[in-house]
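Worksheet: one structure, shown below.
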Amino acid sequence: MSLADAHALAFSLASTLMVSIVIFRAGDGTMGVMPAAEYDGDDDTIVNEVDPFAP
């Protein structure tokens, strides 16, 4: 998934689920999106975090 697609999906998930979402780079270079509470990977691979409660 491209970075633009990952950001769009992350914003959609964050506003729908009302949880923080992380955008991370997988080992093969692609982007992934998942709830921050479920992410247990390396912090260095996180590209961005979307918080629906942030101003």
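Estimated from helices alone, the mean residue ellipticity of the chain at 222 nm is -9000 deg cm²/dmol (sum of -39500 (n - 2.57) over DSSP H runs with n ≥ 4, per residue). Positive-end ranking of Thr45, Ile21, Phe11 along the dipole of the chain, with charges on Cβ about the Cα centre, is headed by Phe11. The slack in the chain from Phe11 to Ala26, taken as 0.36 nm per residue of separation less the alpha-carbon distance, amounts to 3.5 nm.
Can you tell me what the convex hull of the Cα atoms of the chain projects to on average, as an area in nm²?
Details: hull surface 14.6 nm².
The Cα convex hull of the chain, projected and averaged over all directions, gives 3.7 nm².
Applied to the stretch 10-27, the Karplus parametrisation 6.51 cos²θ - 1.76 cosθ + 1.60 on θ = phi - 60° returns per-residue 3J(HN,Hα) values of 4, 5, 5, 5, 4, 6, 7, 8, 6, 9, 6, 10, 9, 10, 10, 9, 6, x Hz, with x for Gly and Pro.
Every read-out reported here was derived from the displayed coordinates using simple, explicitly stated rules and does not represent laboratory data. No experiment lies behind these values; they were computed from the predicted model shown. All Cβ positions, even for glycine, are placed from backbone atoms using ideal geometry, and neighbour counts span all protein chains on display.
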